[in-house]
Amino acid sequence: MHTRDDWPPVVDLIERVVGEDDLLPSVVATVRTMVQEIAALPAADIAGHTRALLAAATRALAARRGPTEAELSFVEELAVTRARQGVSIEAVLAAVHVAERAIWSRARELAGPAGVAPERLLDARELYDDWAEAVRVRLITAHRATGAGQGPPSGERDAALLRRLFAGGSAAALAAAEAGLPAAGGLWVLVARPEDAQVAATPDRAPRGPGDRALSALVDGLLVAVYARRPPDRTARAVVRAGAAAGLAGPGEPEGLALVRRLAVDALTAAESAGRSGVVHVAEVAALAAVVDRADLAAVLLDRHGAALAGLGANAEPVALAVRAWLEADRDVPAAAERLFVHPNTVRNRIQRFSGVTGIDPAGTFGAVDAWWLCRAWLDRS
């Protein structure tokens with residue numbers, strides 16, 4: 001039907017049409033004019049879903065394939081959203097048809113000047129029709145299921161959207177569009193322990209400006225929230241109880257949000273290890289986050305100094321507590337002693353004991369890191 005050599009110009013043509021600055025506003029305006037039920041929806045809502053569908057269709061044409069499960073999951077979310085908004089499936093399909101007609105009408109106009117033969121454009125249209133048919137079937141099925149009361153509860157939908165965001169690639173881009181999060185400008189991820197979250201306050205309850213769009217749910221045992229911009233202090237106070245910590249990372253694009261979430265989790269762990277409270281960005285605890293994230297190296301340290309731990313016996317815990325408190329107090333002996341409710345000389349003696357059995361000098365820059373890390377590992381095992 002077509003060769004590899006003559007397909008790229010077809011893809012370039014479709015990408016050019018979809019990328020035209022005036023196409024999306026024109027499609028949205030036409031949809032709102034021609035489909036009465038859709039006219040009541042915000043223009044940004046229509047534009048977001050239309051943009052995501054066009055992007056997905058373009059990727060499918062480029063790869064000469066049908067829709068992926070990630071794309072169909074987005075389609076299901078669209079159907080559920082429209083059903084809950086009271087928009088009939090006929091109106092949804094009519095809106096999709098208007099967008100399709102605009103794309104292919106413009107493609108036909110530009111095909112000749114772009115060097116795309118009519119038969120190649122027809123090939124592309126046939127591939128698109130196959131993709132669109134699968135999309136329409138999923139739209140209808142999901143819309144009817146929601147209308148029959150089978151749609152997922154709100155909390156489950158939010159968690160499902162977050163999981164798709166963290167899946168990366170096209171799944172993340174589509175999930176961001178479904179959630180109304182911007183595709184450009186960077187997203188922020190905040191994580192906290194469920195027990196540290198305010199019982200009745202989620203990111204959606206916090207005061208909000210135009211750029212504060214957020215999505216939150218429990219994911220893998222943590223409260224996870226994704227923001228369209230860095231959350232202000234008032235949001236932190238609304239999400240996390242006083243004295244508790246939350247980890248923050250960002251900004252990052254939707255496709256790379258899995259890494260941003262991992263950094264936010266590292267920030268939370270590091271903040272807890274350092275006894276910090278409030279929202280802590282990973283950049284504030286970068287070195288500590290790098291340490292606490294390497295359980296494999298902690299195991300190596302423990303193994304290397306196993307004899308020292310055995311030699312300390314019952315004194316291992318108080319020695320580790322003293323070294324750790326001293327380092328966390330910036331080597332201030334009186335402050336560490338006050339924290340541990342012991343005499344300053346006791347702190348000094350325990351630091352010397354630690355250095356003697358391990359050979360680590362905690363007064364040195366890198367020795368301090370190893371000493372803190374080893375003491376933390378000892379205490380975690382006790």
How high is the relative contact order of region 268-368? Use alpha-carbon pairs under 8 Å, at least six apart in sequence, and give a whole percent.
19 percent
Applying the Karplus parametrisation 6.51 cos²θ - 1.76 cosθ + 1.60 with θ = phi - 60° to the phi angles of region 8-16, what ³J(HN,Hα) value in whole Hz is obtained for each residue in order, glycine and proline being reported as x?
x, x, 5, 5, 4, 4, 4, 4, 5
Label-reachable residues, region 35-77, where backbone N falls under 11 Å from a point 7 Å from D130's Cα toward its Cβ
61, 64-67
Per the helix-only model, the chain has a calculated mean residue ellipticity at 222 nm (DSSP H runs of ≥4, -39500 (n - 2.57) each, divided over all residues, rounded to the nearest 500) of -20000 deg cm²/dmol
Work out from phi, with θ = phi - 60° and the Karplus expression 6.51 cos²θ - 1.76 cosθ + 1.60, the ³J(HN,Hα) of each residue of region 127-134, listed in order in whole Hz, and give x for Gly and Pro.
4, 4, 4, 4, 4, 5, 5, 5
List the residues whose amide H sits under 5 Å from the amide H of V279, counting only those 5 or more places along or on another chain, with H placed 1.01 Å from N in the peptide plane.
A246
For D293 and A117, what is the calculated FRET efficiency with R₀ set at 51 Å and r taken between the beta-carbons, to the nearest 0.05?
0.40
Separation in nanometres of the label points that stand 7 Å from Cα toward Cβ, at E338 and H97
7.7 nm
Magnitude of the Cβ-charge dipole of the chain, K/R +1 and D/E -1, about the Cα centre, nearest 20 debye?
920 debye
Simple SL model, points at 7 angstrom along Cα→Cβ for D380 and A43; separation in nm is 5.3 nm
Segment R64-R304, length gained on full extension (0.36 nm per residue, minus Cα span):
80.9 nm
Tell me, what is the FRET efficiency for E90 and T346 to the nearest 0.05, using R0 = 56 angstrom and their Cβ-Cβ distance as r?
0.10
Please list, in order, the residues from region 112-130 whose amide nitrogen is less than 14 Å from a point placed 7 Å along the Cα→Cβ vector of R16.
112-118, 121
Can you list the residues, at least 5 places off or on another chain, whose amide H is less than 5 Å from the amide H of A274, using H built in the peptide plane?
none
Options V357, V219, T81, ranked by Cα towards positive dipole end of the chain, top entry (Cβ charges):
V357
Distance in nm between E284 and R193 label points, each 7 Å along Cα→Cβ, equals 1.8 nm
For the chain, take every pair of Cα atoms, bin their distances at 10 Å starting from 0, and report each bin as a whole percent.
5, 19, 22, 18, 14, 10, 8, 4, 0
The ³J(HN,Hα) series, computed from each phi in region 323-332 with the Karplus coefficients 6.51, -1.76 and 1.60 at θ = phi - 60°, rounded to the nearest Hz and given as x for glycine or proline, is 5, 5, 4, 5, 5, 6, 9, 6, 6, 8
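Readers should treat all values here as calculations from the given coordinates under stated rules, not as data from a laboratory. Because the structure is a prediction, the values reported are computed rather than measured. Backbone-built Cβ (ideal geometry, glycine too); neighbour counts: all protein chains shown.
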